[in-house]
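First up is the structure itself, then whatever we jot down about it.
The values are calculated or read from the model by the stated rules, or taken from the named source; none is laboratory data. The structure presented is a predicted model; accordingly, all values stated were derived computationally and were not measured. For neighbour counting, all protein chains shown are included, and Cβ atoms are generated from backbone atoms with ideal geometry for every residue, glycine included. We work out accessible area using only protein heavy atoms, side chains counted, and drop any ligands, DNA or RNA first. Shrake-Rupley method; radii C 1.70, N 1.55, O 1.52, S 1.80 Å.
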There are 2 protein chains.
Amino acid sequence: MDQTPITILNRIPQIAIVGVGLLGGSIGLALKQAGYTGRRLGVGRRASSLEQALACGCVDEVAVTSPKLWAFDQSTLVILASPIGSFEAMFREIATARASQDKPAGLIVTDAGSTKEMVCSWASHTLPEPGWFVGSHPMAGSEKQGPEHAQADLFHDRPCIITPQADTQSQALQAVEAFWQTLGMTLVRMSPQEHDQVVAAVSHLPHALAVLLVLTAAAQPGGLDVASGGFRDTTRIASGDVTIWQDIFKTNRRAVIDMIDRFTHDLTDLRQRLKAGDDAYLLDQLTRAKTVRDQWSLRQAPARPVRGPSSHEQ
Amino acid sequence: MDQTPITILNRIPQIAIVGVGLLGGSIGLALKQAGYTGRRLGVGRRASSLEQALACGCVDEVAVTSPKLWAFDQSTLVILASPIGSFEAMFREIATARASQDKPAGLIVTDAGSTKEMVCSWASHTLPEPGWFVGSHPMAGSEKQGPEHAQADLFHDRPCIITPQADTQSQALQAVEAFWQTLGMTLVRMSPQEHDQVVAAVSHLPHALAVLLVLTAAAQPGGLDVASGGFRDTTRIASGDVTIWQDIFKTNRRAVIDMIDRFTHDLTDLRQRLKAGDDAYLLDQLTRAKTVRDQWSLRQAPARPVRGPSSHEQ
């Protein structure tokens, strides 16, 4: 039997994308481009956003979420692509709908949230069949918002972290992994705890620093007048969606605080060495960082060409 | 009399670019593109780099630097585009050559270094005619190196800080400002001290943080495997030339340490608020940073299209 990701995915007649902003919209476009033949259903709280996603061709149909919506009578893969703060309520809605059904099977749930320990815990405690939930974190995004900025190739050649647990159904895991692979992602499996720690280092700490860098530049008279390319790139992510990032910090406090502590230690060390005129240390840090990053950069796929109306911000 | 920047510049028959790497090479290309009709002389320590700059069309002629080279018999604008650590020796070479000349006028000197207080001080103490030196800092660059990555439009619509002093000759100031304007830059005048403080906030602090972010990610097992676009952009500058950045930190210790202190204070504050669950503070910081950066971003000129062999790193 053909086991390519798209073949596995095409056995599922419906994919429900909850939250059709930039991320959800891009998922919809990418599914179409990859040859998904089932129904792409956009789900959200506001009819206006849903209309927009429909107009952009990101989904085939739309539905406002409700406790009844989730009683689908056909197999459905559900992707939560809304801010993490909405997940627990969504899990409850799904649980309510499934409880009213005779045959509860057929729903596979995953998410695209940036933290995993709390999300997986909510799923375990709320969903009637937690084995059919698989936590995911596609490491792709943009500081831009809305389905009008959706890109079919947003996920291409980017890593996606999958956090299966002991009770995860193999069929659910297979479907979710096939889903992200269909979007062109490279899979990495981790525990939810390990995920939160690693991502605190490479994504959440950088975000906190970018936010403070913007405020530092703004507090320095004339700073924003002369800020240029280095400032633009180091702070790009600070233009990201505030709700999404608030949720991330709220659901990953422990690991973020741990990373801030490590970073503050290193920064204090650098400060002391600068003060002491320890130029050998400075050279060593600069050289090590350049070497590591240059090697990392060589392993990355080329970025997609800049596009869209706000393309100068990509 | 026509006083457009290129007209003013074309009255100077020769421009000597000291250091023909990415920055110096881009200056050469930009001068040609802007219609500079005089001679573009590339000056350096190694014949091999000079040959490369000549091959790229960045300059018209080349010369290995020597204490005699600077005894030009025609008016020359000298741009130091080499690492700051080489400036003091260059000023001495120029002083030696000029001392042996009958008529010492005709040489205007500027630089493209990222710190100004020490550079201006060296110029004042070393050059025979310090009034003909004008400190400059074009806020444009790239983490790439070498004249083969030179771009004629590197400076376009970017700010250039000029740090004239009380004894600066108005003719020198006019020539240097016309030079950067010819390259498409927007001028901002500041004192050398003010420059070093402002640039510590928007460039040197971001660089120090980027270096430590790379090392933080590298120290976290699996970190570099899942690092994606946010990491790429927040750390891009850590791939910059090590010698250039070592010189920058060495010549701007005081302001960089001051900025690290302010930043550490803010980071510690954020950490405490995160720990205390002060979500209102978190939301306020995220919102303020996004607002400031979005407004800043709207004021920026669109980025140039990505180009060159390492274009995915732009």
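Could you tell me whether A:D233 is of a type outside the set (V, I, T), more than 7 Å from chain B (Cβ to nearest Cβ), assigned to a helix (DSSP H, G or I) and in contact with an Asp or Glu (Cβ under 7 Å, 6 or more places away or on another chain)? Lay out the reasoning, then the answer.
Values: of a type outside the set (V, I, T): yes; more than 7 Å from chain B (Cβ to nearest Cβ): no; assigned to a helix (DSSP H, G or I): yes; in contact with an Asp or Glu (Cβ under 7 Å, 6 or more places away or on another chain): yes.
No; evaluated as a whole, the condition is false for this residue.
Taking every residue in the stretch A:133-157 that is without any contact (Cβ under 8 Å) to a residue 60 or more places away in the chain and pairing it with any residue that is among the β-branched types (V, I, T) and part of a loop (DSSP other than H, G, I, E, B), at least 6 positions away or on another chain, the pairs with Cβ-Cβ distances below 8 Å are A:F133/A:T168; A:V134/A:T168. Filtered by the rule that a residue be touching a residue at least 40 places away in the same chain (Cβ under 8 Å) and within 14 Å of chain B (Cβ to nearest Cβ), the stretch A:159-182 gives A:I161, A:T163, A:W180. Against the list (1) closer than 26 Å to A:L274 by Cβ; (2) more than 7 Å from every other protein chain (Cβ to nearest Cβ), the condition B:K250 fails is (2). Scanning the stretch A:232-242 turns up at least one residue that is without any contact (Cβ under 8 Å) to a residue 24 or more places away in the chain, under 19 Å from A:S82 (Cα atoms) and β-branched (V, I, T). Scanning the stretch A:37-64 for residues that are within 21 Å of the chain's Cα centre (by Cα) and closer than 18 Å to A:T182 by Cα yields a total of 4.
Take the residues in the stretch B:195-227 that are assigned to a loop (DSSP other than H, G, I, E, B) and open to solvent by 10 Å² or more (accessible area, probe 1.4 Å); name whichever of them is farthest from the other protein chains (Cβ to nearest Cβ).
Narrowing the stretch B:195-227 to residues assigned to a loop (DSSP other than H, G, I, E, B): B:220-222, B:227.
Now narrow it down to the ones that are open to solvent by 10 Å² or more (accessible area, probe 1.4 Å): B:220-222.
Working: B:Q220: 4, B:P221: 8, B:G222: 5 Å.
This residue is B:P221.
Return the only residue of B:F263, B:F249 being in a helix (DSSP H, G or I), open to solvent by less than 50 Å² (accessible area, probe 1.4 Å), over 18 Å from A:I237 (Cβ atoms) and in contact (Cβ under 8 Å) with a residue 12 or more places away in the chain.
On the way: B:F263 fails: over 18 Å from A:I237 (Cβ atoms).
Within the list B:F263, B:F249, the selection yields B:F249.
Counting only residues that are open to solvent by less than 10 Å² (accessible area, probe 1.4 Å) and over 22 Å from A:V78 (Cβ atoms), how many does the stretch A:152-189 have? Of the residues in the stretch A:152-189, 0 are open to solvent by less than 10 Å² (accessible area, probe 1.4 Å) and over 22 Å from A:V78 (Cβ atoms). Summed over the stretch B:15-34, the residues that are β-branched (V, I, T) and touching a Lys or Arg at 6+ places or on another chain (Cβ under 7 Å) give a count of 2. Among the residues of the stretch A:31-49, the ones that are within 15 Å of A:G146 (Cβ to Cβ) and at pLDDT 95 or above come to 2 in all. Considering (1) surrounded by 15 or more Cβ atoms within 10 Å (Cβ to Cβ); (2) not in a loop (DSSP other than H, G, I, E, B), the lone condition that A:T7 does not fulfil carries the number (1).
B:V242 meets each of the listed conditions (1) among the aliphatic types (A, V, I, L, M); (2) open to solvent by 20 Å² or more (accessible area, probe 1.4 Å); (3) closer than 26 Å to B:S124 by Cβ; (4) facing chain A (nearest Cβ under 7 Å) apart from (3). Residues in the stretch B:64-85 that are under 19 Å from B:A112 (Cα atoms) and touching a residue at least 60 places away in the same chain (Cβ under 8 Å): B:T76, B:L77, B:V78, B:I79, B:L80, B:A81, B:S82, B:P83, B:I84, B:G85. Is it the case that some residue within the stretch B:83-99 is farther than 21 Å from B:T251 by Cα, open to solvent by 10 Å² or more (accessible area, probe 1.4 Å) and within 18 Å of the chain's Cα centre (by Cα)? Looking through the stretch B:83-99, none of the residues is farther than 21 Å from B:T251 by Cα, open to solvent by 10 Å² or more (accessible area, probe 1.4 Å) and within 18 Å of the chain's Cα centre (by Cα).
Does the stretch B:215-224 include one or more residues that are closer than 23 Å to B:G21 by Cα and among the aliphatic types (A, V, I, L, M)? Outline the logic, then answer.
First, the residues of the stretch B:215-224 that are closer than 23 Å to B:G21 by Cα: none.
Within the stretch B:215-224, not a single residue is closer than 23 Å to B:G21 by Cα and among the aliphatic types (A, V, I, L, M).
Looking at the structure I just gave you, is B:P192 open to solvent by less than 30 Å² (accessible area, probe 1.4 Å), more than 7 Å from chain A (Cβ to nearest Cβ) and within 30 Å of B:L22 (Cα to Cα)? It is true that B:P192 is open to solvent by less than 30 Å² (accessible area, probe 1.4 Å), more than 7 Å from chain A (Cβ to nearest Cβ) and within 30 Å of B:L22 (Cα to Cα).
Which ones in the stretch B:270-296 are more than 7 Å from chain A (Cβ to nearest Cβ) and either open to solvent by 50 Å² or more (accessible area, probe 1.4 Å) or closer than 30 Å to B:S86 by Cβ (or both)? Before the answer, list the steps.
Residues of the stretch B:270-296 that are more than 7 Å from chain A (Cβ to nearest Cβ), as a first pass: B:272-273, B:276-278, B:280-281, B:284, B:291, B:295.
Correct list: B:Q272, B:R273, B:A276, B:A280, B:D284, B:T291, B:Q295.
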